Amino acid sequence: MVMIWKTNIFLVITYIVVIGSVEFLYLSSVLYKFNQGGYLPLAFAGLLMAVMFVWNDVYRRKYYYELDHKLSPEKVKEITNDTNFHRLPGLAMFYSELVQGIPPIFKHYAENVPALHSVLVFVSIKSLPISKVPQEERFLFRRIEPKNLFVFRCVARYGYTDVRNDSNEHEPFETMLVDKLKEFVENEFWLFHIKTNSNKDHNSERLERLDIVGDDDEGDQHEKLDREIEAIDKAWRAGVVHLMGENEVVACKGSGIGKRVLIDYAYNFLKKNLRQTDKLFDVPHKRMLKVGMTYEL
């Protein structure tokens, strides 16, 4: 309330006191008639808290595992530049929980299937603590260098009242993403072009290290942009493939009984009843590929 909604601290304190007083009355009444059935609300509350604790604890462990084992841009470049690695026509969306960095499951995929589509977008779906996110602010993109890889990071942001199913959107999810990707490439190009021209005289040596040709005329710059947009359109027309990471988590060897019960049984039981991303975004099954990998936490 203070950090996100910018609410006055005195209103926050008043809210806590009022709600806390009501909750204290409910708790005292339950404890007063504990033997006459008051234990049932406490049991339900305890069960819900246990579910939230199990999910949050293991989810954080899994996220930090991916964060610790994420791939660097240099490693991605090494993988894609391998002579045994092939680029196929088309656009692939690789769904990941990581907002920054490349998940370790990508390396697992590349080692077993040494082929990748001409344009790759790592998509992370994130919920924000606001009611709605405007369509024009939904997608945030970053490029993974070098440019000729055509590998991008994308964070799709949703509010808690936003509808995420394609059938309820004005445009399909993948159509909006590709349109915003082309818009990002165009904006990135012009911003970089303006910065290059303004710093050309002072940073010529630095520009040469970045492989930027300082004497390119404006027509050549337009041509480069058109070629990049055309490459994305060509990949889009060739077809879109959705790559879903199926991360199985198990307790590492030597773990105690408590940790094994928490991860191997409690969390995996909850995960089986979770609504999957492909169903949430109505991803066509004919264009979906699930990649499995086991994390030892």
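The values are calculated or read from the model by the stated rules, or taken from the named source; none is laboratory data. Computed from a prediction, not measured in an experiment: that's the story for all the values here. We place every Cβ from the backbone using ideal geometry, glycine too, and count neighbours over all the protein chains shown. In case anyone asks, the SASA skips ligands and DNA or RNA and just uses the protein heavy atoms, side chains included. Shrake-Rupley method; radii C 1.70, N 1.55, O 1.52, S 1.80 Å.
Tell me whether the stretch 17-31 contains one or more residues that are out of contact with any Lys or Arg (no Cβ under 9 Å at 6 or more places or on another chain), open to solvent by less than 90 Å² (accessible area, probe 1.4 Å), touching a residue at least 12 places away in the same chain (Cβ under 8 Å) and not in a strand (DSSP E or B).
In the first step, residues of the stretch 17-31 are kept if they are out of contact with any Lys or Arg (no Cβ under 9 Å at 6 or more places or on another chain); the result is 17-31.
From what's left, open to solvent by less than 90 Å² (accessible area, probe 1.4 Å): 17-22, 27-30.
From what is left, the residues that are touching a residue at least 12 places away in the same chain (Cβ under 8 Å) are 30.
Still in the running and not in a strand (DSSP E or B): 30.
Checked the stretch 17-31: at least one residue is out of contact with any Lys or Arg (no Cβ under 9 Å at 6 or more places or on another chain), open to solvent by less than 90 Å² (accessible area, probe 1.4 Å), touching a residue at least 12 places away in the same chain (Cβ under 8 Å) and not in a strand (DSSP E or B).
So if I check each of ASP278, ASP233, which one is acidic (Asp, Glu), within 26 Å of the chain's Cα centre (by Cα) and at pLDDT below 70?
Values: ASP233 fails: at pLDDT below 70.
Being acidic (Asp, Glu), within 26 Å of the chain's Cα centre (by Cα) and at pLDDT below 70 holds for just one of ASP278, ASP233, which is ASP278.
Can you tell me which residue among GLY214, GLY245 is in contact with a Ser or Thr (Cβ under 8 Å, 6 or more places away or on another chain), modelled with pLDDT under 80 and more than 26 Å from PHE122 (Cβ to Cβ)? Break it down stepwise before answering.
Numbers: GLY245 fails: more than 26 Å from PHE122 (Cβ to Cβ).
Just one listed residue meets the conditions, GLY214.
If you take the residues in the stretch 152-174 that are surrounded by 14 or more Cβ atoms within 10 Å (Cβ to Cβ) and modelled with pLDDT under 85, which one is farthest from the chain's Cα centre (by Cα)?
GLU169
Tell me the residue from SER131, SER96 that is more than 24 Å from PHE184 (Cα to Cα), touching a Ser or Thr at 6+ places or on another chain (Cβ under 6 Å) and either among the small types (Gly, Ala, Ser) or touching a residue at least 24 places away in the same chain (Cβ under 8 Å) (or both), please.
On the way: SER96 fails: more than 24 Å from PHE184 (Cα to Cα).
None of the others qualify; the one that does is SER131.
Restricting the search to the stretch 50-78, which residues are among the hydroxyl-bearing types (Ser, Thr, Tyr) and at pLDDT below 85? Spell out how you get there, then give the answer.
Taking the stretch 50-78 and keeping what is among the hydroxyl-bearing types (Ser, Thr, Tyr), we get 59, 63-65, 72.
Answer for the stretch 50-78, where residues must be among the hydroxyl-bearing types (Ser, Thr, Tyr) and at pLDDT below 85: just SER72.
Filter the stretch 221-251 down to the residues that are assigned to a strand (DSSP E or B), closer than 16 Å to THR175 by Cα and either open to solvent by 80 Å² or more (accessible area, probe 1.4 Å) or among the hydrophobic types (A, V, I, L, M, F, W, C) (or both) and list them by number.
If the condition is that a residue be assigned to a strand (DSSP E or B), closer than 16 Å to THR175 by Cα and either open to solvent by 80 Å² or more (accessible area, probe 1.4 Å) or among the hydrophobic types (A, V, I, L, M, F, W, C) (or both), then VAL240, VAL241 are the ones that fit.
Okay, residues lined up against (1) surrounded by fewer than 20 Cβ atoms within 10 Å (Cβ to Cβ); (2) among the β-branched types (Val, Ile, Thr); (3) in a strand (DSSP E or B):
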| position | (1), (2), (3) |
| --- | --- |
| ARG87 | yes, no, yes |
| GLU97 | yes, no, no |
| LYS107 | yes, no, no |
| SER118 | yes, no, yes |
| PHE122 | no, no, yes |
| LYS126 | yes, no, yes |
| VAL133 | yes, yes, no |
| ARG143 | yes, no, yes |
| ASN148 | yes, no, no |
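For ASN273, work out the one condition from (1) modelled with pLDDT of 85 or more; (2) over 18 Å from VAL123 (Cβ atoms); (3) not acidic (Asp, Glu) it doesn't fulfil.
(1)
Are there any pairs with C-beta distances below 6 angstrom linking a residue in the stretch 279-297 that is among the charged types (D, E, K, R) to a residue that is open to solvent by less than 80 Å² (accessible area, probe 1.4 Å) and modelled with pLDDT under 85, with the two at least 6 apart or on different chains, and if so which?
The qualifying pairs are ASP282/ASN165; ASP282/ASP166; LYS290/MET244; LYS290/GLU246.
Take GLY254 and tell me if it is open to solvent by 60 Å² or more (accessible area, probe 1.4 Å), under 24 Å from TRP55 (Cα atoms) and modelled with pLDDT under 90. Talk me through it step by step, then tell me what you get.
Details: open to solvent by 60 Å² or more (accessible area, probe 1.4 Å): yes; under 24 Å from TRP55 (Cα atoms): yes; modelled with pLDDT under 90: yes.
Against the criterion (open to solvent by 60 Å² or more (accessible area, probe 1.4 Å), under 24 Å from TRP55 (Cα atoms) and modelled with pLDDT under 90), GLY254 qualifies.
Would a scan of the stretch 52-63 turn up a residue that is basic (Lys, Arg), open to solvent by less than 60 Å² (accessible area, probe 1.4 Å) and within 15 Å of the chain's Cα centre (by Cα)?
Residues of the stretch 52-63 basic (Lys, Arg): 60-62.
Checking the rest, the ones that are also open to solvent by less than 60 Å² (accessible area, probe 1.4 Å) come to 62.
Filter once more, so that each one left must be within 15 Å of the chain's Cα centre (by Cα): 62.
The answer is yes, given that some residue of the stretch 52-63 is basic (Lys, Arg), open to solvent by less than 60 Å² (accessible area, probe 1.4 Å) and within 15 Å of the chain's Cα centre (by Cα).
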